[in-house]
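Report on the following structure.
Laboratory data are not the source of any read-out in this text; all were calculated from the coordinates shown. Quantities reported herein were computed from a predicted structural model and do not represent experimental measurements. Cβ: placed from backbone, ideal geometry, glycine included. Neighbour counts: every protein chain shown.
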Amino acid sequence: MAREELILKLQMLEQRAEERRQQIGETDRQIEEMMQLRMSLERLESSRGKEILSALGRGVFLNTKVNDDKVFVNVGRKVLVRKTFKEAIEILDNQLEGLEAMKSELMNGVEEINLKLYELLEEAQKAEKEN
């Protein structure tokens, strides 16, 4: 394999690995966000009839009293469905399971790419020694 061709293949593989690593980072962010949401739902469930401090975003909070045992869940296309806290948590758990599976696939992809990179580098070293 020509040196230029080898360098091009190495660069392409490294770019693919970097893309996968970025996707893993985004998946980790989504998992963390969903875990925080899950903990919030658990807190809300145990706070029925109590006053709590609710985060509205960007450091803005509101004192609220939890009077309901259901939340609205977006099921797609801006359709909201009322679910109990437990049902909402189950939905989150299913989504988390999917994200974890996706992350695992991405990590396996990075490992495969790294293996190919290693093989190409070995091939390059052999070619260099022969010349």
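Data overview
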item	result
Degrees separating the helix 85-130 axis from the principal Cα axis of the chain, which is the longest one	10 degrees
Residues R82, R58, sorted so that the one with the fewest Cβ neighbours within 10 Å comes first	R58, R82
Where N is the number of residues in region 1-63, Cα Rg divided by 2.2 N^0.38 Å	2.12
Options (i) 122; (ii) 158; (iii) 145 - which one matches volume of the Cα convex hull per residue in Å³ as calculated here	(iii)
Nearest 10 degrees, 0 to 90: helix 3-46 Cα axis against the chain principal axis	10 degrees
Cα-based reach from K103 at 27 Å (exclusive), listing lysines while leaving out same-chain residues under 8 positions away	K9, K78, K86, K116
Calculated FRET efficiency for the pair E18/E45, C-beta based, R₀ 41 Å, to 0.05	0.50
